[in-house]
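S.K.: Below is a structure I'd like to ask you about.
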Amino acid sequence: MTWDWSAIADFMPRFWDGVLITLQVLVLGSLISFTLGLVWAIAFRAPTRFIRWPVNLVTEFIRTTPLLVQLFFLYFVLPEWGVQFSALTTGTIAIGLHYSTYTAQVYRAGIEAVPPGQWEAATALSLPAHRTWIAVILPQAVRRITPALGNYVIAMLKDTPLLAAIGVLEMLQQSRLESASTFQYTEPLTLIGVAFVLIAYPASLLVRSLERRLVR
């Protein structure tokens, strides 16, 4: 088998478009999952069960249904109710929403790992609830769970090809389009595989480094 360098050169514009879209989905999806996951985690500790039960039900439903089903629901069903977004926006929301239910459990574990004495000290100082969370609880919780959150970022990266199902032109979809027009599959798919490794491997090294630093 000969390596066709001209095929790679022809594919590069589409390749970089796919990389940028993949990174955009990854960054924005991560922000959604981290932010919404924290909201879910705090809601788990709500004093009333009328908040806890619905939150547990919703997060459990999202976590136990496939991401692909959620993508199709958001992209094809919501427009029937007058809510419509672009494929890229829908994909970003879907992947962020899906992984927020996982990061919520990570936050939950981190919050529960904070010693009870910290809560008691905040109460003794008469700190308001928002001050207790921001200044006392969350800094300690996030320090413990940062490596786990980083692992979910890598998992989100590996799930971005699913967005091709609703027409998002991420890296894999770009390679499929290129292969369909040139009938050359080896070069585009190999390049995409290398790109995923070059993004995921440094991220995994960063997560390991954070884990070593935070454990000290």
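The values are calculated or read from the model by the stated rules, or taken from the named source; none is laboratory data. As the structure is a computational prediction, the values presented were derived from the model and not from experiment. Because the Cβ atoms are built from the backbone with ideal geometry, glycine has one as well, and the counts that use them run over all protein chains shown. Just so you know, the surface numbers come from the protein's heavy atoms only, side chains and all, with ligands and any DNA or RNA stripped out. Shrake-Rupley method; radii C 1.70, N 1.55, O 1.52, S 1.80 Å.
S.K.: Among the listed residues PRO13, PRO47, identify the single one that is open to solvent by 70 Å² or more (accessible area, probe 1.4 Å) and not in a helix (DSSP H, G or I).
M.R.: It is PRO47.
S.K.: Can you confirm whether ILE166 is crowded, with 18+ Cβ neighbours inside 10 Å and either under 18 Å from VAL25 (Cβ atoms) or touching an Asp or Glu at 6+ places or on another chain (Cβ under 7 Å) (or both)?
M.R.: Taking the combined requirement at face value, the residue satisfies it.
S.K.: Any idea which of (1) on the phi > 0 side of the Ramachandran plot; (2) in contact with an Asp or Glu (Cβ under 8 Å, 6 or more places away or on another chain); (3) not hydrophobic (A, V, I, L, M, F, W, C) is the one GLY82 doesn't satisfy?
M.R.: (2)
S.K.: Further question: Checking the structure you have, find out if any residue of the range 60-76 is open to solvent by 50 Å² or more (accessible area, probe 1.4 Å), over 20 Å from ALA165 (Cα atoms) and at pLDDT 90 or above.
M.R.: yes
S.K.: Would it be correct to say that ALA165 is of a type outside the set (S, T, N, Q) and within 22 Å of LEU71 (Cα to Cα)?
M.R.: yes
S.K.: Being over 34 Å from the mean Cα position of the chain (by Cα) and not in a helix (DSSP H, G or I) is the filter; apply it to the range 116-131 and report the residue that is surrounded by the most Cβ atoms within 10 Å (Cβ to Cβ).
M.R.: By that ranking, first place goes to LEU125.
S.K.: Among the residues of the range 87-106, is there at least one that is part of a loop (DSSP other than H, G, I, E, B), open to solvent by 60 Å² or more (accessible area, probe 1.4 Å) and over 18 Å from ILE21 (Cβ atoms)?
M.R.: There is no residue in the range 87-106 that is part of a loop (DSSP other than H, G, I, E, B), open to solvent by 60 Å² or more (accessible area, probe 1.4 Å) and over 18 Å from ILE21 (Cβ atoms).
S.K.: Hey, another quick one. In the range 37-75, what residues are in contact (Cβ under 8 Å) with a residue 60 or more places away in the chain and aromatic (Phe, Trp, Tyr)?
M.R.: TRP40, PHE44, PHE72, TYR75
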